[in-house]
Amino acid sequence: MMGHVVGQSRYQATLYPETLDDLIAADSAVRVIDGFVESLDLAGLGFSHVEAETTGRPPYDPRDLLKLYIYGYLNQMRSSRRLEREARRNVEVFWLINRVTPVFKTIADFRKDHPQAIAGVCRAFIRFCREQSMFGGEVLAIDGSKIAAAASRKQVITKKKLAERDAAIERKIAEYLTAMDEADAEETPVEPAKTDVAAALAALKAQRAELQQQAEQLVQEGLKQKVLGEPEAKLMRTPRGHQVAYNAQIAVDAEHALIVAFDLTNEGNDLQQLHPMALQGKAAVGADQVSVVADTGYANGAHGKQCEQDGITAIVPHPERVNPKGKQYFSRDQFSYDRENDSWGCPAGAILQLFKTSRTKQKKEYRTQACPACPLKSQCTEAAQRIIVRGFHEDDREAMHQRAIADPNWMKLRRQVAEHPFGTIKWLMGVPRFLVRGLLKAKAELALSITGYNLKRLITIKGVPALLKALRPCPA
């Protein structure tokens, strides 16, 4: 009778022990990580302790800590404590960092202390991809996604929330004052209870003073909201409801769906991101002319004009125009613009003339005196007059829209190219939430995730042997 497959006893010594290198597959991603980090000028990127001091306690080599982080973000391990455990038990990590075992505090401090250098590593890998001719450089897709910040939603303060909390404290203070008056009126007051009420009252007054101070800070700083403990984060609308988050931006080359540019902002929408992301992406791929496709959130006419001036053709549809007062009223699309006379014709045949120009808001407003007697007024507006607003850069916005609707394949291409990278990045993050606080540090964490994504894509496209050959060219 045949038995099971039998392995080697854990207590058996071998005459010719295996080396760690023998245990790592030739096509393992850790070999690419090692080759890439060894090719970097870490001192030029801004990492500290690249060269060890001659005196004092020896520091860990930043190359080892960087390799550990790239490996972790490639394998859904972002926690410094988790990386500490992997350094003590994972054979691939043994090989990658030569069996050094830094503690979690050292690992966490490395990420915290080098945010700009880590972002530079991501850009260095993007340059490596370009050197390998992996970018088509003709079409870029831009997309954004909200990623939760480390701070809790409970830490968000607004004028409304502060007013509600202040009112609640005022009610409790009134209740305690009433309780103290009743206790004083009793013939045999209970002294310990009175003391407890007085202590609670003092605590409530301290809370009220803190709330008033926070309200004053909001006014002084001109803010509508603030996140305590992480003031650079903002409460944003996400598919999961309102969250304290940052807005991650990427530009993806259409040739191989590699990310060529990235940024992290605390703006709640994408309206100001089209031109900076397009310009950054164009520089990354090294093209003279490039087409950029994005969704309706990027429909900014001023940015479309800037893109055109910089050799970028923007293809961005604008949202469907609706009347915010209700579907029962005429939408602006039912009015016709006369470019020559700079006026509008309404569905009833009246002419709306320009009456106000705002250069700070970059818009014009039009109206007609025929509204009060118009037979169609009930279908147009409930106000005294209907006002039509036209932005200074509406022609540029419309030009981007016409390019998008002229060929439906543009939007299909955008979905195929720009959306799956964020899906992969959030999968690599495990829980799509930043572990560090602050815009700069969170951007470094995004850079590590993007490096992990690009590394996975490049290995899939070219394979490990070809990448190792490119990273470690044979001497002449």
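Does segment 154-173 include one or more residues that are closer than 21 Å to Ile425 by Cα and open to solvent by less than 30 Å² (accessible area, probe 1.4 Å)? No.
Anything in segment 138-181 that is out of contact with any strand residue (DSSP E or B) (no Cβ under 7 Å at 6 or more places or on another chain), closer than 19 Å to Leu218 by Cβ and of a type in the set (Val, Ile, Thr)? List them, or say none. The one that is out of contact with any strand residue (DSSP E or B) (no Cβ under 7 Å at 6 or more places or on another chain), closer than 19 Å to Leu218 by Cβ and of a type in the set (Val, Ile, Thr): Ile169. Within segment 302-320, residues that are touching a residue at least 40 places away in the same chain (Cβ under 8 Å) and more than 14 Å from Pro276 (Cα to Cα) sit with their Cβ atoms under 9 Å from residues that are of a type in the set (Phe, Trp, Tyr) and open to solvent by less than 20 Å² (accessible area, probe 1.4 Å), at 6+ positions apart or across chains, in these pairs: Val316/Tyr298. All of (1) assigned to a strand (DSSP E or B); (2) in contact (Cβ under 8 Å) with a residue 60 or more places away in the chain; (3) more than 21 Å from the chain's Cα centre (by Cα) hold for Ala248 with one exception: (3).
Only a single criterion out of (1) in contact with a helix residue (DSSP H, G or I) (Cβ under 6 Å, 6 or more places away or on another chain); (2) assigned to a helix (DSSP H, G or I) is not satisfied by Thr101, namely (2). Scan segment 420-438 for residues that are under 14 Å from the mean Cα position of the chain (by Cα) and surrounded by 13 or more Cβ atoms within 10 Å (Cβ to Cβ) and jot them down. Correct list: Pro421, Phe422, Ile425, Lys426, Met429, Pro432, Arg433, Phe434, Leu435, Val436, Arg437, Gly438. So for segment 136-153 (the condition being open to solvent by less than 70 Å² (accessible area, probe 1.4 Å) and at pLDDT below 85), does at least one residue qualify? No; the residues of segment 136-153 include none that is open to solvent by less than 70 Å² (accessible area, probe 1.4 Å) and at pLDDT below 85. Within segment 102-134, the set of residues being in contact with an Asp or Glu (Cβ under 8 Å, 6 or more places away or on another chain) and surrounded by fewer than 15 Cβ atoms within 10 Å (Cβ to Cβ) comprises Val103 only.
Report yes if His4 is on the phi < 0 side of the Ramachandran plot and either over 41 Å from the mean Cα position of the chain (by Cα) or in a loop (DSSP other than H, G, I, E, B) (or both), otherwise no. Walk me through it before giving the result.
On the way: on the phi < 0 side of the Ramachandran plot: yes; either over 41 Å from the mean Cα position of the chain (by Cα) or in a loop (DSSP other than H, G, I, E, B) (or both): yes.
Judged against the criteria, His4 is a match.
If you go through segment 251-278 and pick out every residue that is touching a strand residue (DSSP E or B) at 6+ places or on another chain (Cβ under 7 Å) and in a loop (DSSP other than H, G, I, E, B), you end up with 6. Among residues of segment 207-220 that are at negative phi and charged (D, E, K, R), those with a beta-carbon under 6 Å from a residue that is surrounded by 13 or more Cβ atoms within 10 Å (Cβ to Cβ) and part of a helix (DSSP H, G or I) at least six positions away or on a different chain give the pairs Arg208/Ile169. Among the residues of this structure, Leu66 does not count as one that is surrounded by 12 or more Cβ atoms within 10 Å (Cβ to Cβ), closer than 13 Å to Ala117 by Cβ and in contact with a Gly (Cβ under 7 Å, 6 or more places away or on another chain). On the stretch given as segment 401-419, residues that are basic (Lys, Arg) and open to solvent by less than 80 Å² (accessible area, probe 1.4 Å) total 1. The single condition from (1) surrounded by fewer than 16 Cβ atoms within 10 Å (Cβ to Cβ); (2) charged (D, E, K, R); (3) touching a strand residue (DSSP E or B) at 6+ places or on another chain (Cβ under 8 Å); (4) at pLDDT below 90 that Glu216 fails is (3). The number of residues in segment 328-379 being surrounded by fewer than 11 Cβ atoms within 10 Å (Cβ to Cβ), under 25 Å from Asn300 (Cβ atoms) and among the hydrophobic types (A, V, I, L, M, F, W, C) comes to 0. Out of Arg111, Arg78, one residue alone is in a loop (DSSP other than H, G, I, E, B), touching a residue at least 60 places away in the same chain (Cβ under 8 Å) and within 26 Å of Tyr246 (Cα to Cα). It is Arg78.
Residues of segment 380-400 that are among the acidic types (Asp, Glu) and open to solvent by less than 60 Å² (accessible area, probe 1.4 Å): Glu394, Asp396, Glu398. Among the residues of this structure, Asn323 does not count as one that is open to solvent by 70 Å² or more (accessible area, probe 1.4 Å) and farther than 30 Å from Ala251 by Cβ. Could you grab the pairs with beta carbons closer than 6 Å, sequence gap of 6+ or different chains, first residue in segment 253-266 and over 16 Å from Val121 (Cβ atoms), second one assigned to a strand (DSSP E or B) and open to solvent by 40 Å² or more (accessible area, probe 1.4 Å)? So the pair list comes out as Asn266/Lys234.
Among the residues of segment 267-297, those identified as more than 23 Å from Pro408 (Cβ to Cβ), touching a helix residue (DSSP H, G or I) at 6+ places or on another chain (Cβ under 8 Å) and either touching a residue at least 60 places away in the same chain (Cβ under 8 Å) or surrounded by 23 or more Cβ atoms within 10 Å (Cβ to Cβ) (or both) are Gln273, Ala284, Val285, Gly286.
The values are calculated or read from the model by the stated rules, or taken from the named source; none is laboratory data. None of the values given here were measured: they were computed from a predicted structure. Glycine gets a Cβ as well: all are built from the backbone with ideal geometry, and neighbour counts include every protein chain shown. For the accessible areas, the whole protein counts, side chains as well, though only heavy atoms, and no ligand, DNA or RNA atoms are used. Shrake-Rupley method; radii C 1.70, N 1.55, O 1.52, S 1.80 Å.
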